[in-house]
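The values are calculated or read from the model by the stated rules, or taken from the named source; none is laboratory data. Computed from a predicted structure; not experimentally measured. Cβ coordinates were reconstructed from backbone atoms using ideal geometry, including for glycine residues, and neighbour counts include every protein chain displayed.
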Amino acid sequence: MTTPTLTYFKGWGLAEQSRWLLAYGAEVSVGVTHTGPTFRNAALSSFSEFDKLRNDGSLPFGQLPLLEIDGLKISQSQAMIRYIAKRSGLAGGTLAEQVRCDMIAEAVKDARLGVVKWPFSPDKDAHLNDFVAPLIAKWYPKFDAMIADDKELTYAHILIAEMVSSYDLMFESKGVPPPSADYENLKDLTAKVVGLPQMKEYLESDKRFPFPAEGEICNSYVENVEVVLGRR
Ligand SMILES: N[C@@H](CCC(=O)N[C@@H](CS)C(=O)NCC(=O)O)C(=O)O
């Protein structure tokens, strides 16, 4: 079996959710034997690499990220998430469970916008206070209540954990207490997910790009995105 390959920039953005799911699914995939690495990052460095993929038909909509897996070339981050979830038995059992997972995943996509936009915001304090804090106030109480009685771990839970952990890192980077401290269920779920052996392995590996707090790491990620997209 060839190693799934995720083509993107050198950072989180719209690819990180898939990385978490690929890392998690490593040990639970249905009907698939994993003997090698769970996935490979193909991090682009230049516009010519991106342009080549656009011209050779690899990118159905001319956009990144791209996931190559099981002989498929999958575009659209939310479609790839669902594919990995189904492949790993994380998409929910019944139709009702599946649509609940999908609802939560779409809500996480909206709630997570503050993670995607963070590197590009020139004023990090303003981003945190004016953009992220309202998102957290709007979404966290709902997610926290919604998962209170959940027993089974699905892809929706992994997506929530990825978002919560990302926002926690963001607040901590500014010396502010992590928002999850106020949400018992979200805090417990995130601790459980990041504590799983396969997640720890991923999070501590060199496949995990660092949180682009501010300064050099943030600037070089923004430069990477702009160079690859041909904007610099
Ligand atoms: N809805 C898409 C959005 C993808 C997207 O906007 N990708 C950006 C990079 S993060 C891109 O490729 N932009 C270049 C373009 O649209 O031409 C997804 O979730 O994957």
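Before moving on, here are some points about what is shown:
- Residue list for the range 170-202, restricted to those being surrounded by fewer than 16 Cβ atoms within 10 Å (Cβ to Cβ), touching a residue at least 40 places away in the same chain (Cβ under 8 Å) and of a type in the set (A, V, I, L, M): Val176
- Taking the range 185-232 as the range and being away from the ligand (no atom under 16 Å from the Cβ) and of a type in the set (Lys, Arg) as the test, the residues that pass are Lys187, Lys192, Lys200, Lys207, Arg208.
- Number of the condition not met by Ala126 [criteria: (1) more than 16 Å from the ligand (Cβ to nearest atom); (2) hydrophobic (A, V, I, L, M, F, W, C); (3) crowded, with 18+ Cβ neighbours inside 10 Å]: (3)
- For Ser166, the stated conditions do not hold, so it cannot be described as farther than 13 Å from Ala111 by Cβ and surrounded by 16 or more Cβ atoms within 10 Å (Cβ to Cβ).
- Residue within the range 154-165 that is more than 28 Å from Tyr8 (Cα to Cα) and in a helix (DSSP H, G or I) present: no
- Tally of residues being within 9 Å of the ligand (Cβ to nearest atom) and either charged (D, E, K, R) or under 15 Å from Thr3 (Cα atoms) (or both) across the range 38-54: 1
- The residue that is farthest from the ligand (Cβ to nearest atom), among those in the range 55-98 that are closer than 19 Å to Lys10 by Cβ and more than 15 Å from the chain's Cα centre (by Cα), is Glu68.
- Verdict on Val108 being within 16 Å of the ligand (Cβ to nearest atom) and in contact with a Gly (Cβ under 7 Å, 6 or more places away or on another chain): no
- The range 1-21 - residue that is part of a loop (DSSP other than H, G, I, E, B) and within 14 Å of the ligand (Cβ to nearest atom) and, of those, nearest to Ile69 (Cα to Cα): Ala15
- Sub-7 Å Cβ pairs linking a first residue in the range 221-232 that is at pLDDT 95 or above to a second residue that is more than 9 Å from the ligand (Cβ to nearest atom) and among the aliphatic types (A, V, I, L, M), at least 6 apart or interchain, are Val228/Leu44, ordered by first then second residue.
- Every pair of residues 6+ apart whose Cβ atoms lie under 6 Å, when the first sits in the range 74-86 and is without any contact (Cβ under 8 Å) to a residue 24 or more places away in the chain while the second is assigned to a helix (DSSP H, G or I) and within 13 Å of the ligand (Cβ to nearest atom): Ile74/Met80; Ile74/Tyr83
- For the condition outside any helix (DSSP H, G or I) and under 17 Å from the mean Cα position of the chain (by Cα), Ala191 does not qualify.
- Test for Ile217: is it outside any loop (DSSP other than H, G, I, E, B) and assigned by TED's automatic domain parsing to the domain that holds Gly13: yes
- Residues that are modelled with pLDDT of 95 or more and away from the ligand (no atom under 16 Å from the Cβ) do not occur anywhere in the range 114-121.
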